[in-house]
Amino acid sequence: MRTLVEEQANRIVEQAALIEEQSKLIEAMRSQITELLTRLSMTSRNSSKPPSSDGYTKPAPKSRRIRSGKQPGKQPGDPGHHLAQRTDPDVTVIHAPPTCDRCGDDLIDAEVIETLTRQVFELPAMALFCTEHQAQRKRCRCGTVTTGAFPGEVTAPACYGPALRAYVCYLVTRQHIPVARVAELLRDTYGASVSTGAIVAMVAEGAAKLDGFLGEVRAQLRAAQVVHADETGLRVNALLAWVHAVSTTDLTLYHLDTRRGTTAMDDMGVLAHLRGVLVHDGWAPYRHYDGVEHQLCNAHHLRELAAAAQSDGQTWANDMAALLSDAWHLVLATKDNGQDHLDNQELVSIRATYRAVIDAGHEANPPPVPTGRRGRPKRSKAHNLLDRLDVHMDDVLRFTTDFSIPFDNNLCERDIRMVKIAQKVSGGFRSTQGAEAFLAFRSYLSSAAKQGVNRLEVLQQLFAGDTWMPSPSGTRS
């Protein structure tokens, strides 16, 4: 009997150990299943995934904007936009009737009682325009021979002019057309047999002229009161590199580095000198710069809150998303009314509601039970989002206390999206020099467009030796 009891006791101990092991396995599998289901539910609308990753089963459109009540299309009273006739046509062609439609009489000397006018806008005949420069050599009565000076752009017995070189760089760095296709376009449209090597050399030549411009942009960004920052990966020489972007409503600056963190940001030479507000997506290295105030991107928050509500059943997430959206629309409405701040009662109400939603989130997400393992217990994405919104409340709502601060970081995300488009078209860059040249041009063209300057014109200025410079913030209209 004693032996039987001992066997049963040992069996119970073994079964208890087996149950505990199976419980741990079940918990691990449950965690993995939850994580996989969360990944499957991620789309471009509830995460930072690009729309191209949604595949053919794209989610139904769902805008967070408040409907204006207006019908689509042209609004009553709006003058509209159409192709209008010019008062100064380049060429006028007169079509006179030769004979009468009824009797057949000649109408050459007949009275003109009315003229009907129609205009056709057409591309001119395209061909390269060749200008020959002749530098004469003259002998003075003293015997000295003096040679006339060629213009600065005349650098070889046969060379391409500033306008063509500007156009090539525009196609490559603004329109993202691959080099071989630019050569094809020039050949088909202008009959110009420009080699791919010459095109690459033109881009490198233009980028070398932009050092002064980039220094001026860097200096103006350091003095800006509100600056946006973002970063993204870029394939360079078959390896992963990082592009860091810093921008304002008037300026854009890109920096290429092999690193993603604060060392690369410091090398860029802007963020460490800021004393205003830095708008970003909440990535931890941006917190390294404690000399600035922070505004977290609420567009990111809205996507993460949507994911928390859809995938994890976090009801508080819908309330927080509604609060952030309502607060932003309140700021916009207040601006439209000509006011520059919310009144104190509105601010107190927003913060009180914010705190109540955070408290509800903590009730739904109690602290994880310690597992006995080393390190911090793993938390869900929703719980991490809740903690971030709790700890950084001031940085989430800073846009409500200062109307010069935006609600999101979409400005810089739009700027950096151009880098991803270039990679998507060409697959990446073959050299670091090529990538840096592209980013220098992108800084130049983006800044010019933000200040209302024609991109092609500033490129022509560049190759003519008169690099366009951004206006100081105090002189911009």
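The values are calculated or read from the model by the stated rules, or taken from the named source; none is laboratory data. Note that the structure is predicted; figures quoted are calculated from it, not measured. Reconstructed Cβ throughout: ideal geometry from the backbone, glycine too, with neighbour counts over all protein chains shown. The area values use the complete protein model at the heavy-atom level, side chains included, leaving out ligands, DNA and RNA. Shrake-Rupley method; radii C 1.70, N 1.55, O 1.52, S 1.80 Å.
Assorted remarks:
- Near A360: Cβ cut-off under 12 Å, other residues only, Lys/Arg at +1 and Asp/Glu at -1. The net charge is -3.
- Legend: calculated FRET efficiency, D466 to L332, from the Cβ-Cβ distance at R0 = 41 Å, rounded to 0.05, equals 0.50.
- Solvent-accessible area of H329, all protein chains in place: 50 Å² (probe radius 1.4 Å, heavy atoms, ligands and nucleic acids excluded).
- Net lengthening on full extension, R2/N237 (0.36 nm per residue, minus Cα-Cα): 77.0 nm
- Remark: C-alpha extents of the chain on the principal axes read 132, 75, 51 Å, sorted largest to smallest.
- On Cα atoms only, tilt of 344-364 relative to the major axis of the chain in degrees: 50
- Take the chain and mark each of the chymotrypsin sites (Phe, Trp or Tyr not before Pro) that is in a DSSP loop with at most 15 other Cβ atoms within 10 Å; the longest unmarked stretch, sites excluded, is 130-282.
- Sparse-neighbour loop sites [GluC sites (Glu not before Pro); the stretch 331-428; at most 11 other C-beta within 10 Å; DSSP]: none
- Ligands, DNA and RNA are left out, and with a 1.4 angstrom probe the accessible area of the stretch 113-187 is 80 Å² per residue.
- With a Förster radius of 25 Å applied to the C-beta separation of I12 and I33, the computed FRET efficiency comes to 0.25.
- FRET efficiency estimate (nearest 0.05) - Cβ-Cβ, D390 to H176, R0 45 angstrom: 0.60
- Highest-first packing order for the peptide set 330-339, 216-225 is 216-225, 330-339, based on the mean count of other beta carbon atoms within 10 Å.
- In the context of the full set of protein chains, the stretch 391-471 has a per residue accessible area of 43 Å² (1.4 Å probe).
- Protection proxy ranking, highest mean first, for peptides 131-143, 378-390: 378-390, 131-143, where packing is the per-residue count of other beta-carbon atoms within 10 Å, averaged.
- In the chain, the calculated helix contribution to ellipticity at 222 nm averages -15000 deg cm²/dmol per residue, counting -39,500 (n - 2.57) for every DSSP H run with n ≥ 4.
- Sorted into 5 angstrom bins from 0, the C-alpha pair distances of the stretch 383-477 split as 2, 10, 13, 15, 16, 14, 10, 11, 6, 2, 1, 0 percent.
- T38, T92, T252, reordered so the largest accessible area comes first (probe 1.4 Å): T92, T38, T252
- Probe 1.4 Å - accessible area at M126, Å² to nearest ten: 80
- Net length available on complete extension from C103 to R137 is 5.1 nm, with 0.36 nm assigned per residue and the Cα-Cα distance removed.
- Only protein heavy atoms count here; under a 1.4 Å probe, I177 has an accessible surface of about 40 Å².
- Of the solvent-accessible surface of the chain, computed with a 1.4 Å probe over protein heavy atoms with every protein chain present, carbon and sulfur atoms account for 53 percent.
- Angle in degrees between helix 179-190 and the longest Cα principal axis of the chain, rounded to the nearest 10: 30
- Bridge type composition, the chain - antiparallel percent by DSSP, nearest 5: 70
- Taking all protein chains into account, the per residue accessible area for the stretch 242-315 stands at 36 Å² (1.4 Å probe).
- Between the helical axis of 211-222 and the longest alpha-carbon principal axis of the chain there is an angle of about 40 degrees.
- Candidate cross-link partners of K138 among the aspartates and glutamates, defined by an alpha-carbon separation under 18 Å and a same-chain spacing of 8 or more, are absent.
- Taking Cα centre as origin and charging only the Cβ of basic (Lys, Arg, +1) and acidic (Asp, Glu, -1) residues, the dipole magnitude of the stretch 130-207 rounds to 420 debye.
- In order through the stretch 259-270: 3J(HN,Hα) via Karplus (6.51 cos²θ - 1.76 cosθ + 1.60), integer Hz, x for Gly, Pro: 10, 9, x, 5, 4, 5, 5, 5, 5, 5, x, 10
- Gain on full extension, evaluated as 0.36 nm per residue between T144 and L116 minus their Cα-Cα distance, stands at 3.4 nm.
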